[in-house]
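One structure below.
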Amino acid sequence: MFSVGFEMKGSSDRTKVVLRHLPPAISQETLMDQIDGFADRYHWVTFRPGKPGPQHQSYSRAYIDFKKPEDVIEFADFFDGHLFVNEKGIQFKTIVEYAPSQRVPKQWSKKDGR
Amino acid sequence: PERSARVAKVRPPLHQYIRKLLFSDLDKTTIEHVLRQLRKLPWSDCEPYLLKCFMKVYKGKYGQIHLIASLTAGLSRYHDEFAVAVVDEVLEEIRVGLELNDYGMQQRRIAHMRFLGELYNYEHVDSSVIFDTLYLILVFGHGTPEQDSLDPPEDCFRIRMITTLLETCGHYFDRGSSKRKLDRFLVHFQRYILSKGALPLDIEFDLQDLFAELRPNMTRYSSVEEANAAVIELEEHEHSVSADKANSEKYSDSENP
């Protein structure tokens, strides 16, 4: 759809990707089923539901931090451009890109004693 | 025709409380208190709503945006997942703004640029994120059939986005590799500016202020051709530097078999 100057490139140490333009009403479960084959290759995933409906609709997104940079390339080959079709027959074409911020939550985030 | 009275949105008490803290209580004297109150919230319930409110920085006063960035940094100690989400979310907002280029969203898009800059000032994003964003704004949609709607030739909004971000955090790019990165970016930026032709005066004044503040001695090119030549020179220089580097690596390889 849009050509962006941030295509997947080799020789990189980046591991965090963002899945964009997912259907607004997709559930996390549906998405996770689709990428089941990669289940043991990432250590962090977070899902941002979109907003369905006629007004101010927005796409869903997900962020995934893979264990190895090579996993990213393979995943992008597999899922970039993946088509979702909703019950009305509308198509949504997934975009897989490196997340612009590569930060992921620190595992040791303390429990807040407040 | 009769119209029913507009029904006011009823928000759960916790959401009302969050809004009160962020949109009316928050100022520089109360920020410690607000941070403490936010930490006391039931996080698993409130996190999505809190994220939504943090993205509404454009509703408050422009001068308050740094307080929201400061809160983000303060919360990251206990809720790093949230702080990471804030950064991802603001970068997504910027990207969606470029994809839609909706006139009605301009105010909030400017606020998000400012927010990103403040997140850098609170050491919550790296300079590489700032520079990637700056270049993204220069090139997004260019070379596609949608170019004229995404970045119309007479539209200077992207210049305002960039000046906003650099006004907020550009003064930190004054040494080392980030200084060189800003020098390089400003050449590309000048080429972009010149491609727009004659600028509205307010934009031109903002640019003059920006250059005076960040790089008072930098050449301001006066034609697209000059700026193009400067970009080409820059790229040739970079090319020769990386070739030198490759050569010296080869050399050291042969030294150490």
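The values are calculated or read from the model by the stated rules, or taken from the named source; none is laboratory data. For clarity, every value in this text was computed on a predicted model and none was experimentally measured. So basically every Cβ, Gly included, is an ideal-geometry build from the backbone, and we count neighbours across all protein chains shown.
When the range B:31-74 is filtered for residues that are within 14 Å of another protein chain (Cβ to nearest Cβ), in contact with a Lys or Arg (Cβ under 7 Å, 6 or more places away or on another chain) and not in a loop (DSSP other than H, G, I, E, B), only B:39 remains. Quick check: is even one residue across the range B:175-182 surrounded by fewer than 21 Cβ atoms within 10 Å (Cβ to Cβ) and not in a helix (DSSP H, G or I)? Taking every residue of the range B:175-182 in turn, at least one turns out to be surrounded by fewer than 21 Cβ atoms within 10 Å (Cβ to Cβ) and not in a helix (DSSP H, G or I). Considering the range A:1-89, the qualifying strands (runs of 3 or more DSSP E), each wholly inside and each with 2 or more residues that are modelled with pLDDT of 90 or more, surrounded by 13 or more Cβ atoms within 10 Å (Cβ to Cβ) and within 14 Å of chain B (Cβ to nearest Cβ), run over A:16-22, A:42-48, A:60-66. Residue B:104 meets all of the listed conditions (1) more than 29 Å from residue B:183 (Cβ to Cβ); (2) of a type in the set (Gly, Ala, Ser); (3) at the interface with another protein chain (Cβ under 10 Å from one of its Cβ atoms) but one, namely (3).
The residues in the range B:176-195 that are aromatic (Phe, Trp, Tyr) and farther than 14 Å from residue B:233 by Cα can be counted, and the count is 2.
This table checks each residue for (1) hydrophobic (A, V, I, L, M, F, W, C); (2) at pLDDT 95 or above.
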{"residue": "B:1", "(1), (2)": "no, no"}
{"residue": "B:6", "(1), (2)": "no, no"}
{"residue": "B:13", "(1), (2)": "no, no"}
{"residue": "B:24", "(1), (2)": "no, no"}
{"residue": "B:27", "(1), (2)": "no, no"}
{"residue": "B:30", "(1), (2)": "no, yes"}
{"residue": "B:34", "(1), (2)": "yes, yes"}
{"residue": "B:39", "(1), (2)": "no, yes"}
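Taking every residue in the range A:69-81 that is under 18 Å from residue A:21 (Cβ atoms) and pairing it with any residue that is in a helix (DSSP H, G or I), at least 6 positions away or on another chain, the pairs with Cβ-Cβ distances below 9 Å are A:75/A:38; A:75/A:41; A:78/A:37; A:78/A:38; A:79/A:34; A:79/A:38.
The condition (being in contact with an Asp or Glu (Cβ under 7 Å, 6 or more places away or on another chain) and either polar (S, T, N, Q) or surrounded by fewer than 20 Cβ atoms within 10 Å (Cβ to Cβ) (or both)) is satisfied by just one residue among B:133, B:144, B:168: B:168.
Among the residues here, residue B:124 does not qualify as within 12 Å of chain A (Cβ to nearest Cβ), outside any helix (DSSP H, G or I) and either aliphatic (A, V, I, L, M) or free of Cβ contacts under 8 Å to residues at least 12 places away in the same chain (or both). On the stretch given as the range B:80-121, residues that are in contact with a Leu (Cβ under 9 Å, 6 or more places away or on another chain) and not in a helix (DSSP H, G or I) total 1.
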